[in-house]
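The numbers here are math on the coordinates, done by the rules we state, and not lab data. Quantities reported herein were computed from a predicted structural model and do not represent experimental measurements. All Cβ positions, glycine included, derive from the backbone under ideal geometry; neighbour counts span all protein chains shown.
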């Protein structure tokens with residue numbers, strides 16, 4: 001996520017002190033990177049569960065990811 005995306009998400013979460021966000025932006029960017037990596041790993045694990053399906057499992061995989069399985 002870039003800074004604009006991080007600030008947008010912070011605003012959606014109720015953040016209103018932009019100075020604090022700017023002061024801690026390097027740490028916030030690192031946190032976002034760790035969260036993104038964890039989410040990619042989770043999604044990959046879900047995809048791996050469906051690897052032996054003979055038909056196109058894309059819809060089932062997407063549903064599983066969105067449901068947080």
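Which residues does the label zone of residue 13 cover in the range 38-54, counting backbone N under 17 Å from a point 7 Å along Cα→Cβ?
38-40
Nearest 10 degrees is fine. How inclined is helix 58-67 to the longest principal axis of the chain, computing both from alpha carbons?
40
Could you work out the per residue convex hull volume over the alpha carbons of the chain, in cubic angstrom?
It is 93 Å³ per residue.
Could you work out how far helix 3-12 tilts from the main Cα principal axis of the chain, as a 0 to 90 degree angle to the nearest 10?
Computed tilt is about 90 degrees.
What nm distance separates the two modelled labels at residue 67 and residue 55, each placed 7 Å from Cα along Cα→Cβ?
In this crude label model, residue 67 to residue 55 measures out at 1.6 nm.
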